[in-house]
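Input: a single structure, listed below in structure tokens.
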Amino acid sequence: MFTTRISSRALALATTIAAAWPTVAAAELDEPKTEADCAQYKPPTDGECQAFVRAKIAKKKLDAATAYKEIQRAGAFLQTGYGKGYLASIKAMYDADVRAGVIKTDAQAAAEKSEALDVAAVVSLAIGLKSQNPICPGGKPRLFVVSATMNGGGVKEGWTNPKQKAGKLDHDALVYSSPTGTFKVDPADGVWTYYPDANPLKSLNGFVLQVALKDKPAVKAEAVIAPSYDCLAGLFISGTPGTKGVSNANGGDGGPAADGIAEVGIIASKYFPKLLIMKGVSATGTFWYAGAADAKPRVEVRNQGGAGGPGAYNASGWGFNGGNGGNGAGLEVRYDKRHPELADLIAASTPGGAAGPAGGGTTGPGRSGVPGAAGPSPVKKAVDPKTLFAGDGLTLL
């Protein structure tokens, strides 16, 4: 049995209908099964009957939005016992879909509707970060804000929250670019985010964020944000990590490291008078590190095997095994001979890759992988600075 409080709007509507068609009492209205059953009634009761049938059909299809829309048009049928029951159950289904975000109310839809940009009225643009925290190379993606100054002095901001677009600008009329990172849009919610490039050489003079009008490219803006290197723990040359076990599979083994060379020097940048810069090169790739030269007592430099991949979960038995770590390899650290203190600043190692963790299972976890073997002891060499960072355009102090 369903019980509910009928909205004042629905009660008023039902009362009006009853007064307009007094020859058919609500209690005498049989529950219609199809719209053909509504032919026995005269207007407006026939239309209310049809709306009631459509609401029932939509409810059966779990289409709460249509069901709720139609049931509110059912007029006198809402005064019947079965009508009250259907109204209560449809309203509950509708409210659940609203809470889950499946259905948006009119207020929510209005809040999530951005404004079109009147390009002709734009005088200037501005761009910057949503928060004032500095950007780290290869660090976390960052939200940014953009605004347009209009004729007359008004300012319109671009939206950053998909649930709060009302009165905000849409991004469709804008073009974003950066030589120090990448702007990406999330296809799920349309939110734009800035991804900083991992190579610290690109942002020595700051991270550059640029915006322009798509149809009026002469109207543009640029922001330069100082870099931070707090997210960089050291220089890590590495073998390829093992793949994650999926679809009932063991984790993949990590790839072995290849013999590598790390180059170490000190430069000056726009924001740091003394910046420690390191470049690692092996057959597995090129890796970079930057940080204040006096910020840490020692900085790690590793040439390590790739980590083993995690085993998959097994829903019908023992978990799947983690992959084995790859072996470490040789490492030669070459530092500027004019700065002998760099030898003590660098903590070099050649560890094997970490073992892949075991996957869980209904019977129990699988087996963890085996860590990779360490490579030979690293070697440090003081070298002529002219032999370091060839082709990278750096001037060493």
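For residue 337, a cut-off of 15 angstrom between C-alpha atoms picks up these aspartates and glutamates, skipping any fewer than 8 places away in its own chain: 263, 384. Full extension of the segment from residue 102 to residue 191, taken as 0.36 nm per residue of separation minus the current Cα-Cα distance, would add 30.2 nm. Tell me, how many Å apart are the Cα centres for segment 179-245 and for segment 279-350? Each part reduced to its Cα centre gives a spacing of 23 Å. In this model, which of 69/156; 202/274; 168/216; 69/168; 104/168 are farther than 24 Å apart at the alpha-carbon? Distance filter (> 24 Å) returns 69/156; 69/168. Expressed in Å, the radius of gyration and Dmax of the Cα atoms of segment 204-278 are 20.7, 55. Each other residue within a Cβ distance under 10 Å of residue 64 adds +1 if Lys or Arg and -1 if Asp or Glu, for a net charge of +1. Dipole of segment 257-319 computed with +1 at Lys/Arg Cβ and -1 at Asp/Glu Cβ about the Cα centre; of 316, 278, 303, farthest Cα towards the positive end is 278. When the chain is described by a simple charge dipole with +1 on each Lys and Arg Cβ and -1 on each Asp and Glu Cβ, the residue from 179, 88, 396 located farthest towards its positive end is 396.
Charge tally for residue 127 (other residues, Cβ to Cβ under 13 Å; Lys, Arg +1; Asp, Glu -1): +1. In the chain, one over the average inverse separation of all distinct C-alpha pairs is 27.3 Å, which is the Kirkwood hydrodynamic radius. Summary value for the chain: 11 percent relative contact order, contacts being C-alpha pairs under 8 angstrom separated by 6+ residues.
The angle between the Cα long axis of helix 81-99 and the main principal axis of the chain comes to about 20°, on a 0 to 90 degree scale. Determine the shape class of segment 234-387: with a ≥ b ≥ c the square roots of the Cα gyration tensor eigenvalues, call it rounded for a/c under 1.5, and otherwise prolate if a/b is greater than b/c, oblate otherwise. Because a/c hits 1.5 or more and a/b exceeds b/c, segment 234-387 counts as prolate. What shape does segment 119-225 take by its C-alpha gyration tensor, where a ≥ b ≥ c are the square roots of the eigenvalues and a/c under 1.5 counts as rounded, a/b above b/c as prolate, and the rest as oblate? Taking the square roots of the gyration eigenvalues as a ≥ b ≥ c, segment 119-225 is prolate. In the chain, helices alone account for a calculated mean residue ellipticity at 222 nm of -5000 deg cm²/dmol, with every DSSP H run of four or more residues adding -39,500 (n - 2.57).
Values quoted throughout were computed directly from the atomic coordinates according to the rules given, and no laboratory measurement underlies them. Values in this document were obtained by computation on a predicted structure and should not be read as measured data. Positions of Cβ are backbone-derived with ideal geometry, glycine not excepted, and every protein chain shown enters the neighbour counts.
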